[in-house]
Amino acid sequence: MPSNNDSNKPAFDGIFRKSSNWQTLRFYQKSEVLYQMTYVFCDRFMEHYGDRTVDQMIQAARSGKQNIVEGSEDGKTSMEMELKLLNVARASIGELRQDFEDFIKSRQLCMWEIGDERFQSMQDFTKRHNQLSEYEPYFQRWSAEEMANTGLTLCFQVDAMMNKYMKYLEETFVTQGGIKERMHQARTNYRKQQDEHLAELEKAIPALQQQLAKAQAEAATWQAAYEDLKQRALASYHRQQDEICELKTKLSAFNSK
């Protein structure tokens, strides 16, 4: 499975899936070791000219590593393409494994197997170590037999890890779908949110209508009170004006005597 301690599983949020960072995938790290080690192995123990196996081994190791990277990147939009490229990577690693086996057999070297002390020691080392820096000090020290058996073991481990990872991707695809399903789900979720919002607004309309009617009734009451107060004020004003006129008339008649 992906990442350190196999905990970094690919996930998605929205249309684009959040795939694993390929640099943290343990099988990628081991494939990087395989590529660099294969290059040194061929340089040290294979004929440089006239042997197509050298180019084939290096290209197979590189293909395994690069297709993991491309698969992880393409997996953000297409899980189908990620699975396809990871399967290409597996095929390349399988080809490299066969080349290591052929090298051991053709040189009549010993292929370490279960029960061999060297096999167990190599298994323990390769299981615990994934970084290139942990292997590089041995590249010029290991014998052809040691290097070939180590490469063979790494091929088996990478293949097993990738199989497990691809199985997880298949299960994820079944439960979460690809980008078409994600786009459909995103649109469906948006429409659902809009429908829910509209339903909430429609549900609030009766209460708002009641509040409006109450406000209008209160406004009408205040308007009637205002008109009554206005009329009384005008009547009082006119009475005062009439009284003033009457007093002026009386005062004028008094002054004329």
Check on Lys65, farther than 20 Å from Thr24 by Cβ and part of a helix (DSSP H, G or I): no
Which of the following residues is touching a Phe, Trp or Tyr at 6+ places or on another chain (Cβ under 6 Å) and under 30 Å from Asn21 (Cβ atoms): Lys127, Lys167, Lys84, Lys65? Lys65
Taking the conditions exactly as written (assigned to a helix (DSSP H, G or I) and either modelled with pLDDT under 95 or among the small types (Gly, Ala, Ser) (or both)), does Gln120 satisfy them or not? yes
When both residues are 6+ apart or on different chains and their Cβ atoms are under 8 Å apart, which pairs have a first residue that lies in the range 57-86 and is more than 25 Å from Glu101 (Cβ to Cβ), and a second that is of a type in the set (Lys, Arg)? Gly71/Lys84; Gly75/Arg17; Lys76/Arg17; Lys76/Lys18; Thr77/Arg17; Met79/Arg17
Can you spot a residue in the range 159-172 that is modelled with pLDDT under 80, surrounded by 10 or more Cβ atoms within 10 Å (Cβ to Cβ), of a type in the set (D, E, K, R) and under 24 Å from the mean Cα position of the chain (by Cα)? no
Checked the range 143-152 for anything part of a helix (DSSP H, G or I) and farther than 17 Å from Ile58 by Cα; matches are Glu145, Glu146
Would you be able to tell me the number of residues in the range 118-136 that are among the polar types (S, T, N, Q), touching a helix residue (DSSP H, G or I) at 6+ places or on another chain (Cβ under 8 Å) and open to solvent by 40 Å² or more (accessible area, probe 1.4 Å)? 1
Check Phe45, Phe41 and return the single one that is surrounded by fewer than 21 Cβ atoms within 10 Å (Cβ to Cβ), closer than 22 Å to Glu146 by Cβ and among the aromatic types (Phe, Trp, Tyr). Phe45
Would it be correct to say that Leu83 is part of a helix (DSSP H, G or I), open to solvent by less than 80 Å² (accessible area, probe 1.4 Å), on the phi < 0 side of the Ramachandran plot and modelled with pLDDT under 95? yes
So which pairs qualify, if the first residue must be in the range 203-224 and surrounded by 10 or more Cβ atoms within 10 Å (Cβ to Cβ), the second must be part of a helix (DSSP H, G or I) and among the basic types (Lys, Arg), the Cβ gap must be under 8 Å, and the two must be at least 6 apart or on different chains? none
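The values are calculated or read from the model by the stated rules, or taken from the named source; none is laboratory data. In this text, all values refer to a predicted model and were calculated from it rather than measured experimentally. Backbone-built Cβ (ideal geometry, glycine too); neighbour counts: all protein chains shown. With ligands, DNA and RNA removed, areas are computed over all heavy atoms of the protein, side chains included. Shrake-Rupley method; radii C 1.70, N 1.55, O 1.52, S 1.80 Å.
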